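Notes for the one structure printed next.
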Amino acid sequence: MSTAAPVLHGESPKAPPSYLQAGHTIKSWLLTGDHKRIAVLYLISVSVFFFFGSLAASMIRIELVSPRGVMLESDTYNKVFTAHGIIMIFFFLIPAIPAVLGNFLLPIMIGARDLAFPRLNLLSWYLYVAGGLCGVLAIAFGGVDTGWTFYTPYSSMYSNTNVTLTIIGAFIAGFSSIATGINFIVTVHKMRAPGMTWFRLPLMVWGSYATSLIIVLGTPVVAITLLLVVMERVFHIGVFSPELGGDPVLFQHLFWFYSHPAVYIMILPAMGVINEVITCFSRKRIFGYHFIAFSSLAIAGLGFLVWGHHMFVSSQSMYQGMVFSLLSYLVAVPSAIKVFNWTATIYKGSVRFQTPFLYVLGFMGLFVVGGLTGLFLAAMSTDVHLTDTYFVVAHFHYVMAGSNLIALLAGMHYWWPKMYGRLYNKKLAAISSALIFVGFNLTFLPQFVLGSRGMPRRYFNYLPQFQDLHVASTIGSWVLAAGLFLTAAYLLASFRQPKGMAANPWGGRTLEWETTSPPTTHNFEGQPVLQHGPYDYRPEPAAVGVKELAH
Amino acid sequence: MNFPLMPDQASNFARPYDALFFVLTALTILFTILVGALVLFFAVRYRKGSRVDRSGAVESHLGLEITWTAIPLLLGLVMFWWAAKLYVETRQPPKDAMEVFVIGKQWMWHLQHSNGVRENNELHVPVGVPVRLTMISQDVIHSFFVPQFRIKQDVLPGRYTQQWFVASKPGKFNLFCAEYCGTQHSEMGGYIYAMPPQEFQKWLASGGDKKRPNQPTMADLGKALYDRLACANCHGPQDTERGPSLYGLYGAKRRMTDGTVVEADASYIRESIKNPYAKINESYQNTMPEYRELTEEDLLNLLAYIRTLGTAKAPGPVLGNAGPAQIGGANR
Ligand SMILES: [Cu+2]
Ligand SMILES: [Cu+2]
């Protein structure tokens, strides 16, 4: 880097090519160490899995139009909902925001050239793909029918489907998240630009950091647990099956020890995205920065202590249940804090109703409903009736699927110009954001009622009295699908638009908007030095603090 | 318009449960509307270009943060406490409850009354009488769910769990399996018939739906099995060197070779028969043969018989009173 010209907005005449232009061979993509290219690889692969997961979802919804089924056998149905769950959770929701948006933005946001371990980052993508292939093979060889929860002893002793292969897939994918998590943690600790103190970090970075902590602490537990299932299944080493002297409930403890925090692996990065978007489109510094940052850490910590709320009817002792219920109420508080702080951010702002902000509105709606319905399930008595019914299905779709997906879309629409240097058709974007919001609610609101009326989940056949609500839900899923297809269409079409776009179309006041769009391979020309924190949305902001440092 | 959120209220738990449910629903709607309205109102009022006063906006406010931390926290604690109290009741069956034994297996429910009447996928119970279900699975985990009663409890292999209810009105109610258990999980259901007590007594005495009166009771069957398997060779009225006496075993405390003290509840006794080497009585060695081929039904009958040999806490409850959902600590 010999050039000493100011790099604000990357207008330097001799600027090197963008990361997209930096090499055109397939090899230059598949062997890249560039976090941005890896993010693009992830985006493509995550989208493929999302497509198949959604395909499975729509098969489920069509099947449930009739109380006796439409086209599938009950065994096939069980395999389809299992495939839906496994694909969506392990191969879409968990990696989506961290591995795509986090990977792309985290280094840029803290003024670094790349993640701390670029090759580990690439390895994590390959692990993800390898894990995914195992999953695909398991489906190709006939599928799995255990549900994504793999409850023992069904999974370890009774199911005669491809449990082992699927578990190996999930196991490998787990290492992919661990690699990403370690990379993020080290990067945030070691690679921050001069002047980028902890409390000048954009909140997206705090969210990713908290997520990484959960990933690194939790994923090994589930990986080993799943491996134990395989051991029992293949070598008959008794761990979970009472026939072999094991304890089936032990599996649930170990599984939920990871899988409850996994909910926060999905939601914390989503909240991180919402922070960035809401402050940018309200043109006001985010309200209560410290509270939001610490609430992420509180969620990450407390989230590890509430797993037993999945087990109020599984024979856990009454007092154990009480502790888990109480802690579950406590972990709800930091989420509430975030919602109130976001609301206060909009107050006296100057709101631009652009697509990313529309998604923020949608997110707030879904997240509030999802979070509050969680309180029914954290309450021990109501949980007895509601657990393992459609109420739970609706609840976790609101918090994990809806909120995560909508935050991902908010982020994609916000940073699309950053990633590809192009804008999309805003009118279509507004329409599809409305379709997605309406479709999502139409799909899942009826499921709350189904559940509280007593419809158990994972039912292939059901009582005729539940049909109307199932039909409504299925129609909703079509609206949702229409919105998603439309989104895919105009985002892809944006590649045909001319590039001549401002580097910072939204006037963002975080470091990633201080470089070219799309950025060059090294993100910044020279080393940025921060003068102050993010989100200076005053009408006449101080320079965000990128200063050229000759070196 | 009839758009119920809940199924019929047909047990003692339904009303208190529904009260909590509706309060939670009201809070959910209230907060959703509150946040939704505030967000939309602020967003529209402070939209770009609108001429409103924007002066005095702050970036943080400790008082506000404390307020909106404290209010959800307090509300949450109240909800937690309320729900926990109700839950505790659902886990503490009265001592005089009528006993029904449940065996879940892929994919049917097998139910047994103490007097020997059996049913499949159907359960007849009297209205107004507490009924305790002692449940075990023969294979994978199932869950015994009656929406109109607002009860649900997982049914595990290898150890007993229990739940109880008082049916509050006569009728036919749904029984579902709520824990995914394989191919025909959604078929694994049936009905609970709640009947006026006299009618129920008649039904029971006449031998149930199959009309087979004067069947051997579970304890009779257990005794027959006990004799056939010659358990008495080693287990007599007194402790001998061949084996400990089972008289008064129920609910007694036993010390194991590893020094732990366990309560001889249903799950412990079951395990002692099916898998005797898992825990070994302090004064003995592992000389008892394993009776692995015994079915869950056999084991329940044996338990019923051993119970007639007296309980440590006579006239205590029939199958142990470990309080919470699970009766026994087998496999822990
Ligand atoms: Cu959880
Ligand atoms: Cu089942």
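Quick notes on this one:
- Relative contact order computed over chain B (Cα-Cα under 8 Å; 6+ residues apart), in percent: 16
- Of A:K284/A:K427; A:K499/B:K48; A:K284/A:K426; B:K95/B:K210; A:K36/A:K418; A:K36/A:K284, those spanning more than 19 Å from alpha-carbon to alpha-carbon: A:K284/A:K427; A:K499/B:K48; A:K284/A:K426; B:K95/B:K210; A:K36/A:K284
- Order of exposure, largest accessible area first, which applies to A:K190, B:K95, B:K169 with probe 1.4 Å: A:K190, B:K95, B:K169
- Taking every DSSP bridge with both residues inside the protein assembly as shown, close to 70 percent are antiparallel.
- When A:L442, A:L268, A:L165 are compared by accessible area of protein heavy atoms, the largest-first order is A:L442, A:L165, A:L268, using a 1.4 Å probe.
- Total charge dipole magnitude, the stretch B:218-307, about the Cα centre, Cβ charges on Lys, Arg, Asp, Glu only, Debye to nearest 20: 140
- Inter-centroid distance (Cα atoms) of the stretch A:211-275 relative to the stretch A:414-486, Å: 28
- Positive-end extreme of charge dipole, the stretch B:1-159 - chosen from B:P4, B:Q106, B:L34 (charges on Cβ): B:L34
- Surface calculation, 1.4 Å probe, protein heavy atoms: A:I431 sits at approximately 90 Å² accessible.
- When the protein assembly as shown is described by a simple charge dipole with +1 on each Lys and Arg Cβ and -1 on each Asp and Glu Cβ, the residue from A:L386, B:Q215, A:F117 located farthest towards its positive end is A:F117.
- Between the stretch A:104-141 and the stretch A:512-542, the alpha-carbon centres lie 26 Å apart.
- The gain in end-to-end length when the A:E243 to A:E540 segment is fully stretched comes to 99.7 nm, 0.36 nm per residue minus the alpha carbon separation.
- Table column - 3J(HN,Hα) (Hz), the stretch A:414-431, Karplus curve with 6.51, -1.76, 1.60, x for Gly and Pro: 6, 9, 3, x, 5, 6, 10, x, 9, 9, 9, 6, 5, 5, 4, 5, 5, 4
- In nm, spacing of pseudo-spin labels at A:Q497 and B:M108 (7 Å Cα→C-beta vector): 6.4
- Inter-probe distance in nm under a simple model that places probes 7 Å from Cα toward Cβ, at B:D220 and B:E122: 2.3
- Distances between placed amide hydrogens fall under 5 Å for B:S11 paired with B:S168, all partners being 5 or more residues away or on another chain.
- Simple point charges give the picture: +1 on the Cβ of Lys and Arg, -1 on the Cβ of Asp and Glu, and for chain B a dipole about the Cα centre of about 740 debye.
- Separation between Cα centres of the stretch A:388-408 and the stretch B:275-311, rounded to whole Å: 46
- Solvent-accessible area per residue, Å², over the stretch A:230-279 with all protein chains present [probe radius 1.4 Å]: 25
- Adding -39500 (n - 2.57) for every DSSP H run of four residues or longer, then dividing by how many residues chain B holds, sets the calculated 222 nm ellipticity at -10500 deg cm²/dmol.
- Histogram of C-alpha separations across the stretch B:218-307, 5 Å bin width, %: 3, 14, 25, 31, 19, 7, 1
- Within chain B, percent of DSSP bridges classed antiparallel, to nearest 5: 70
- Across chain A, C-alpha contacts under 8 Å between residues 6 or more apart give a mean separation that, scaled by the residue count, equals a relative contact order of 20 percent.
- Solvent-accessible area of B:E89 with every protein chain in place, 1.4 Å probe, in Å² to the nearest 10: 100
- Point-charge dipole on Cβ atoms (K/R +1, D/E -1) for the protein assembly as shown, about Cα centre, debye to 20: 2380
- The alpha carbons of chain A give a radius of gyration and a Dmax of 23.2, 74 Å, in that order.
- Per-selection Kirkwood Rh - the stretch A:93-167 (Cα, Å, 1 d.p.): 14.7
- Under the simplified labelling scheme, the B:Q92-B:A70 pair shows an inter-label distance of 3.3 nm, with each label point 7 Å from Cα along Cα→Cβ.
- Hits among aspartates and glutamates - C-alpha to C-alpha of B:K279 under 14 Å, sequence gap 8 or more where chains match: B:D258, B:E263, B:D265, B:E271, B:E290
- Remark: relative contact order (the stretch B:218-307) = 38 percent; criterion is Cα-Cα distance under 8 angstrom and separation of 6 or more residues.
- log₁₀ of I(q)/I(0) at q = 0.16 Å⁻¹ - chain B, Debye sum with one point per alpha carbon: -1.38
- With θ taken as phi - 60° and the Karplus curve 6.51 cos²θ - 1.76 cosθ + 1.60 applied, the whole-hertz 3J(HN,Hα) list for the stretch A:185-196 is 4, 5, 4, 5, 6, 10, 10, 5, 5, x, x, 8 Hz, x standing for glycine and proline.
- Across the stretch A:151-157, coupling constants 3J(HN,Hα) worked out from phi with the 6.51/-1.76/1.60 Karplus curve, θ = phi - 60°, read 4, 8, x, 4, 5, 8, 10 Hz, and Gly and Pro carry x.
The values are calculated or read from the model by the stated rules, or taken from the named source; none is laboratory data. Quantities reported herein were computed from a predicted structural model and do not represent experimental measurements. All Cβ positions, even for glycine, are placed from backbone atoms using ideal geometry, and neighbour counts span all protein chains on display. With ligands, DNA and RNA removed, areas are computed over all heavy atoms of the protein, side chains included. Shrake-Rupley method; radii C 1.70, N 1.55, O 1.52, S 1.80 Å.
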